[in-house]
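> Pasting in a structure now, in structure tokens, and then I'll have a few things to ask.
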Amino acid sequence: MKNDAIQKVLIRDLNLRDVFFDSLRDDYPGFDKWLAKKATSGDEAYVLIVDGRLLGFLYLKEEVETDNSINPHFDERRRLKIGTFKIDSHGTVLGQRFLSIILRKMLNEGHDFTYVTLFPKQTALIALFECFGFRQWGSKNNGELVYFKDLYVFNDIYKDFPRLSLLEDSSKYLLSIFPEYHTKMFPESQLRTEKNHVIEDLSVTNSSEKIYISAARQVLDMKPGDHIVIYRTAEDGVPAEFSSVASTICTVGEVLKIDDFNNYDDFETYCGKGTIFTKDELLKFWNQQYPKFVIKMIYNVSLNKRIIRRDLRDVVGINADRWTCVQLSQDQFCHILEMGGVNESFIIN
């Protein structure tokens, strides 16, 4: 996770007496002993540290043993435990970024079950986990609730996240996004040529839900559940043949026109934390009523291998005068998934 605001670090390298952990000490007798044990054993955690302050801590652990402290108990099986998930809220929806790390790790490493324990008072965290498909399993003796996620198919783009469904009869599109927006929106789609790009702790980076505003009229044909291949265009002055690439797969949540909003405040609120555009840019779009088409989409998965424009044309067979927004056939879309090396665990079919 080089050049990423979120780093995977050895727990022993953290300040174990940090006040960040105080609420965990209050809730869990023996927390300091547990943390010291993890530090001694060389365990790692995902952390966000800003200006020397610890603001986020995520600890994951693989388990296989029976667990009778949970009711109903867990039988012996392989599962991914979300051991510690704590964020000091600072307005960047870091919880969604942590959740995407968990769920992509679950699928990439072949897990079919992950779980977390939360106290009933943690209502915001419970709502976040439920939004993305976690269901209550039971409880623990200390009063914690146990929430789990497996490979159950909800036919809901949020609850099934990050998986994408090919079960429904959906349309497929290639949508171009400018380089200056691309990697902030899709941090795991960073190109090799962007090795110096720093993935920041930004709302648009952390959010699993992305808002993009396009001038392409074909966007109006998109329906909820349709799939989008994100196409990063070339920088100015660089030939597109080898530098424009397909990088990312998303699922459409909703498409609106800018004049569907009653006023600017409604428009800005809707775009919310998932938009790459600044408030000045949004105000300009509103005043000009252009570009017109607002796309809300879920960021499912980055292609493991980016596909250059030449191969999209010559191998996938995309022939278009303009590549702003191009409808794809089912075969072309599946070919892109295959060429991009998408792990089959991310696909519901």
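Every number in this text was worked out from the coordinates using simple rules, so none of it is lab data. Not measured: the values here are computed from a predicted model. Every residue, glycine among them, receives a Cβ derived from its backbone with ideal geometry; neighbour counts consider all protein chains shown.
> To the nearest 500 deg cm²/dmol, what mean residue ellipticity at 222 nm is calculated for the chain from DSSP H runs of n ≥ 4 alone, each contributing -39,500 (n - 2.57), summed and divided by the residues?
-7000 deg cm²/dmol
> Take the Cα coordinates of the stretch 6-150, assign each an equal point scatterer, and use the Debye formula without solvent to give log10 I(q)/I(0) at q = 0.10 Å⁻¹.
Reported log10 I(q)/I(0), two decimals: -0.33.
> For the stretch 143-211, state which GluC sites (Glu not before Pro) are in a DSSP loop and have at most 13 other beta carbons lying within 10 Å of their beta carbon.
Those that pass, being in a loop and sparsely packed, are Glu168.
> Looking at the chain, identify the longest residue range that excludes and avoids all trypsin sites (Lys or Arg not before Pro) in DSSP loops having at most 14 other Cβ atoms within 10 Å.
Maximal segment without exposed cleavage sites: 196-321.
> While we're here: Structure shown: which of Lys257/Lys305; Lys61/Lys121; Lys38/Lys305 lie over 28 Å apart, alpha-carbon to alpha-carbon? Please report the intermediate quantities before stating the final value.
On the way: Lys257/Lys305 33 Å; Lys61/Lys121 24 Å; Lys38/Lys305 35 Å.
Too far apart for the 28 Å limit: Lys257/Lys305; Lys38/Lys305.
> Also, quick follow-up: For the chain, list the DSSP H helices whose alpha carbon atoms reach 27 Å or more along the long axis and whose average Kyte-Doolittle value is 0.5 or above?
none
> Loop only per DSSP, at most 15 neighbouring Cβ atoms within 10 Å: give me the GluC sites (Glu not before Pro) in the stretch 70-132, ordered by residue number.
Details: sites: Glu76, Glu109, Glu130; in loops: Glu76, Glu109.
Of the GluC sites (Glu not before Pro), the ones in loops of the stretch 70-132 whose Cβ has at most 15 other Cβ atoms within 10 Å are Glu76, Glu109.
> Going through the stretch 23-75, which GluC sites (Glu not before Pro) have at most 16 other Cβ atoms within 10 Å and a DSSP loop state?
Glu65
> Which three extents, in angstrom, do the Cα atoms of the chain have along their principal axes, listed largest first?
Extents along the principal axes: 64, 41, 40 Å.
> A follow-up question, please. Semi-axes, largest first, in whole Å: what does sqrt of 5 times each Cα gyration tensor eigenvalue give for the stretch 166-348?
25, 19, 16
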